[in-house]
1. For segment 38-88, give me each residue that is at pLDDT 90 or above, in contact with a helix residue (DSSP H, G or I) (Cβ under 7 Å, 6 or more places away or on another chain) and farther than 18 Å from residue 27 by Cα.
2. Can you name the residue in segment 9-31 that is surrounded by 10 or more Cβ atoms within 10 Å (Cβ to Cβ) and at pLDDT 90 or above and, of all such residues, is nearest to residue 66 (Cα to Cα)?
3. Need a quick list: strands (runs of 3 or more DSSP E) entirely within segment 33-88 having at least 1 residues that are free of Cβ contacts under 8 Å to residues at least 40 places away in the same chain.
């Protein structure tokens, strides 16, 4: 272990409130409001590849936490957008 951690005096405190977790705030995608057959499009402000990964990860997490049968499909739309459909 580094000397920094061994030679540092830590102050242990109690009753310090934990800050809110930003990932538990407003969802980025409208999974809970979507019915099978509904879709939404992402805007051009997003990098298509990174946004596709974010949508897929968010949908998988939603399925794990809410509905195991939840499924989506994505298709590139235009030069920068992605359209996302709920299919199950």
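The values are calculated or read from the model by the stated rules, or taken from the named source; none is laboratory data. Keep in mind the model is a prediction, meaning the values are calculated, not measured. Every residue, glycine as well, gets a Cβ built from its backbone with ideal geometry; the counts of neighbours run over all protein chains shown.
1. 74
2. So, considering only residues that are surrounded by 10 or more Cβ atoms within 10 Å (Cβ to Cβ) and at pLDDT 90 or above, the one nearest to residue 66 (Cα to Cα) is 31.
3. Values: elements: 39-41, 72-77, 81-86.
The qualifying strands (runs of 3 or more DSSP E) are 72-77.
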